[in-house]
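A.B. asks: Before we start, here is the structure in question, set down as structure tokens.
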Amino acid sequence: MSDSQKLVVVITSGMDDEKSSVAWSIANGGVASGLEVTVFLAGPGVDWARKGAADAAHLNPFDPPMGDMVLSIMENGSGIIVCPPCIKSRGYTADDLLDGVVLMGSKAIHDRIKEGAQTLAF
């Protein structure tokens with residue numbers, strides 16, 4: 001087990017749900033607090049990983065733009081993992097996703113939980 005504190009933020013809320021803004025804010029706050037953060041996107045949440053999609057959304061006027069929050073997670077070394085069946089069911093391919101996004105199923109979350117990660121779901 002690693003000594004670093006870990007957080008997995010599971011986002012199943014889509015582009016029109018303010019819970020998504022809360023989830024990305026908490027993920028970025030975790031990074032700022034020194035946590036090792038992983039974001040796992042499933043269901044409608046996979047839309048956040050499509051190239052350019054988050055740039056068009058701004059769900060809460062008091063939060064940073066959504067595209068900035070997604071990019072911040074990626075730029076700070078945190079991982080974004082996307083459910084493969086969830087993108088397939090929407091007709092997306094890996095080429096539709098942001099560079100650096102990892103396609104992996106729930107094993108990604110289980111591995112982090114085994115390492116001591118706490119989880120939050122939105």
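The values are calculated or read from the model by the stated rules, or taken from the named source; none is laboratory data. Computed from a predicted structure; not experimentally measured. We place every Cβ from the backbone using ideal geometry, glycine too, and count neighbours over all the protein chains shown.
A.B. asks: Here are some conditions: (1) charged (D, E, K, R); (2) outside any helix (DSSP H, G or I); (3) under 13 Å from the mean Cα position of the chain (by Cα). Residue 47 meets all but one. Which one does it not meet?
C.D. replies: Single failed check for residue 47: (2).
A.B. asks: Tell me which residues, restricted to the stretch 86-122, are among the β-branched types (Val, Ile, Thr), within 20 Å of residue 23 (Cα to Cα) and either surrounded by 18 or more Cβ atoms within 10 Å (Cβ to Cβ) or out of contact with any Leu (no Cβ under 9 Å at 6 or more places or on another chain) (or both).
C.D. replies: Of everything in the stretch 86-122, those that are among the β-branched types (Val, Ile, Thr), within 20 Å of residue 23 (Cα to Cα) and either surrounded by 18 or more Cβ atoms within 10 Å (Cβ to Cβ) or out of contact with any Leu (no Cβ under 9 Å at 6 or more places or on another chain) (or both) turn out to be 87, 101, 102, 109, 113.
A.B. asks: Further question: Within the set of pairs 6+ apart or on separate chains, which have a first residue in the stretch 86-109 that is within 15 Å of residue 47 (Cβ to Cβ), a second that is part of a loop (DSSP other than H, G, I, E, B) and of a type in the set (Phe, Trp, Tyr), and C-beta atoms under 9 Å apart?
C.D. replies: If the second residue must be part of a loop (DSSP other than H, G, I, E, B) and of a type in the set (Phe, Trp, Tyr), the pairs left are 86/92.
A.B. asks: In addition: Just checking, which of 41, 59 is under 29 Å from residue 114 (Cβ atoms) and of a type in the set (A, V, I, L, M)?
C.D. replies: Result: 41 is the single residue among 41, 59 that is under 29 Å from residue 114 (Cβ atoms) and of a type in the set (A, V, I, L, M).
A.B. asks: Based on this model, can you work out whether residue 14 counts as more than 18 Å from residue 79 (Cα to Cα), under 14 Å from the mean Cα position of the chain (by Cα) and either in a strand (DSSP E or B) or not basic (Lys, Arg) (or both)?
C.D. replies: Considered against the rule, which asks whether it is more than 18 Å from residue 79 (Cα to Cα), under 14 Å from the mean Cα position of the chain (by Cα) and either in a strand (DSSP E or B) or not basic (Lys, Arg) (or both), residue 14 comes out as yes.
A.B. asks: Another question, if that's okay. If I filter the stretch 58-80 for residues that are buried (at least 18 other Cβ atoms within 10 Å of the Cβ), under 19 Å from residue 7 (Cβ atoms) and of a type outside the set (A, V, I, L, M), do I get at least one hit?
C.D. replies: yes
A.B. asks: Determine if the stretch 36-48 includes at least one residue that is out of contact with any helix residue (DSSP H, G or I) (no Cβ under 6 Å at 6 or more places or on another chain) and at pLDDT below 95.
C.D. replies: No: the stretch 36-48 contains no residue that is out of contact with any helix residue (DSSP H, G or I) (no Cβ under 6 Å at 6 or more places or on another chain) and at pLDDT below 95.
A.B. asks: Since residue 60 meets every condition but one in (1) without any contact (Cβ under 8 Å) to a residue 40 or more places away in the chain; (2) not hydrophobic (A, V, I, L, M, F, W, C); (3) not in a helix (DSSP H, G or I), which condition does it not meet?
C.D. replies: Of (1) without any contact (Cβ under 8 Å) to a residue 40 or more places away in the chain; (2) not hydrophobic (A, V, I, L, M, F, W, C); (3) not in a helix (DSSP H, G or I), only one is false for residue 60: (1).
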